[in-house]
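Since every read-out is calculated from the coordinates, none of them should be taken as a lab result. Nothing here was measured: the structure is a model prediction, and the numbers come from that model. Please note: Cβ atoms are built from the backbone with ideal geometry, for glycine as well, and neighbour counts cover all protein chains shown.
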Amino acid sequence: MIRKKPTDVQKRLLNFIQHYDAKHGYPPTFREMKDQVGISSTSMVDYNLKHLEKLGIIERYPNTSRGLRVVQHLIDQIQETAITIQRTAQDLLSIPIVGRIVASQPVPVPRSDFNYFDAETTVDVAPNMLPVRNLKLSQIYALQVQGDSMIEDMVNDGDIVIMQRDQETRNGDMVAVWLSDEDETTLKRFYREGNRIRLQPANPTMEPIYISDKRSIEIQGKVLLIITPMKKT
């Protein structure tokens, strides 16, 4: 099987070849590579060089003493890609998934579900994906959606919604709502209509929920982003 990237041994071998060539003006011998990199035999040196050649990282010239050359532009590209990946990983926000939110007719869910934090249950999000800039991690959290009442808003069962805490709610916002009188939670579009509140599903088969006593409703957060997890194959 041809590897898609160099092994650790091959990386050390490549690094030695580069440094040796820069110092002497020509590549090292098989024996020098074996001794300096710690490879068991010259045949294993040849084996690893063949892999580097198949990856396009080096070029070899048969029947020529010290006949190999590092393809520098490809090395530069690999290093640049590694730096970009490292920087991207450092910039990601690791947002805690603190529980489930029901996107259907509301069902009882313990309120503590929203305050639960498991450091191993998180979703990584690039800050530039969020519509609000300069958010602190303490201002956001994630919930896993259960149900299909918001399918016309592209929110499906099993999706992850990124929420912002303490967001001023406007008509049309998709929010996580706690119905304190019923000890129930749901994900719906929020509308103020005179003396009542309408919680609107995005599913034509479902009816809205009307709340007359505004004291019985608590906004847990506003949806900032919807993430559909990749399905395992």
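Would you calculate the separation in nanometres between label points at GLU184 and GLN18, each defined as 7 Å from the Cα along the Cα-to-beta-carbon direction?
Between GLU184 and GLN18, the label points sit 6.2 nm apart.
Would you mind counting up the charge near ILE226? Only other residues with Cβ under 11 Å from its Cβ, with Lys and Arg at +1 and Asp and Glu at -1.
Every neighbour counted, the sum reads -2.
Provide the net charge surrounding PRO201, with neighbours chosen by a C-beta distance below 12 Å and charges set as Lys +1, Arg +1, Asp -1, Glu -1.
-1
Go through segment 178-185 residue by residue and turn each phi into a ³J(HN,Hα) via Karplus (6.51, -1.76, 1.60, θ = phi - 60°); whole Hz please, and just put x for glycine and proline.
Taking θ as phi minus 60°, the curve returns 9, 9, 5, 5, 9, 6, 10, 10 Hz for segment 178-185.
What net charge do the residues around GLY172 carry, taking every other residue with its C-beta under 14 Å from that of GLY172, with Lys and Arg at +1 and Asp and Glu at -1?
Local net charge: +1.
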